[in-house]
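Notes for the one structure printed next.
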Amino acid sequence: MKRGMAPDVGVPTADARATLRLARGVTATWWYTVSVIVFFEVMIVVVWLATLLEAGVAPVGLWTVAIGGSIWLASTLPLLSDYRHRTDAGVSARSPRVLIPVLIAAAYGAASVVITESVLIGLLPVAQSLMLLNWPRHVRGRALLVVTASLGCAWIFDARGSFSDAATLGDASGWVLLAFYSTFLPAMTVLSLWWWDVLVTLDLARASEARLGATQERLRVATDVHDLQGHHLQVIALQLELTERLLSRDPDAALDTLRAARKSVDAARQGTRDLATRFRSVPLRDEIENARDLLIAAGIGTDAIVAPDADRAPASVFGPVIRETTTNVLRHGGGQRASLSLAPDGDSWRYEISNDLTPGAVVNGDGSGLQGMERRVSEAGGRIEVLSDRERFSIVVTIPVQQEGRR
């Protein structure tokens, strides 16, 4: 299931962490967060209109607040989109996607001050838009305190009737609700974004755990092979060197050391078989469960169907295939759902792993991992099928039942 040749996933560098994109497994939570924030903003405009209507503001002023509020609400959507796809580099004040919404909020706020003569109503759009920016973590909390304090001061300023019509607005029954809601809207927004950040961090941690598990498995195999083959190859090299020295002086002794070298080769070969047998000793049912747990830990919803007698299937073939296909789903699969199954199919055993694809994913079925699986499966008398379209990628491996003795 190799989809292009990509480097092994390891610990990201500082630059890589700075550009690390958000995880895919919490999309529903993101849309819930956006809907809550937009609902807060819609309600504040509605409360403004209701209070201004009760205070007797002219229809022209009401229409200005309503239309301007709609434009301001629309301007916050690009900020929310940028927040979802943000990096750790922080906000860039020069970006048009940041500057234009803030300018719209400032223009709307200025118009609101002229129409309503309320500093609180005029200040809130700018304060809310600023809270949607991708501030560094140590800056966001301080910015929230400054913004909330400024809105609180504006509330007091308006309550004292410092403008001629502000006292009339303050006499409206909904003024207290409007002032309270306006003052603490940025805090509610930041709380919603903080909860999103927490879920994203947890999702990234699960994905990192899955990658780390796959990496540790490769390192363990590599270490065992290195220790086994390194020892035997060193012994064989010494024995052949001794044979070369004895060949001209004592041919019989040289022949003995050559025989010893051959035994070392046999020992190395047997050790490799034993090592492979040790990795194949995991029951296939456990292999499937391990693969399912690994995919779930990476944030991929996974279903597994295993026949009750699955351990009778040829583990020497299916074991490495299950591990290889699972690793490649983690590295190149993408998507949000996967499924695994191992069950008898007529006179054969059938293993299938399938996962959906992210939009625009490039599928490459010609990788070395797939070629290795094809060789292993063909040697067992089976066949492998690769099925793919724009939405899903599947690998199906079929091994005849009569091959199950090759364990």
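All of the numbers you see were taken from the coordinates with simple rules; none came from a lab. If you're wondering where the values come from, they're calculated on a predicted model, not measured in any experiment. Counting neighbours? That spans all protein chains shown, and the Cβs are built from the backbone with ideal geometry, glycine included.
Here are the numbers:
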{"read-out": "Förster radius 60 Å - calculated FRET efficiency between residue 374 and residue 245 (Cβ-Cβ, nearest 0.05)", "value": "0.85"}
{"read-out": "Segment 208-280, relative contact order [Cα under 8 Å, separation at least 6], %", "value": "33 percent"}
{"read-out": "Gain in span if fully extended, residue 392 to residue 199, counting 0.36 nm per residue against the direct Cα distance", "value": "66.8 nm"}
{"read-out": "Cα pair distances exceeding 16 angstrom across segment 208-280, given as percent", "value": "59 percent"}
{"read-out": "Selection from 247, 222, 208 lying farthest towards where the dipole of segment 208-280 points positive, charges on Cβ", "value": "208"}
{"read-out": "Label-point separation in nm, residue 70 to residue 28, each point 7 Å along Cα→Cβ", "value": "3.3 nm"}
{"read-out": "Relative packing of peptides 34-40, 287-293 - highest average C-beta neighbours within 10 Å first", "value": "287-293, 34-40"}
{"read-out": "Segment 200-232 and segment 243-262: distance between their alpha carbon centers, rounded to Å", "value": "42 Å"}
{"read-out": "Extension gain from residue 184 to residue 293, taking 0.36 nm per residue of separation minus the Cα-Cα distance", "value": "35.0 nm"}
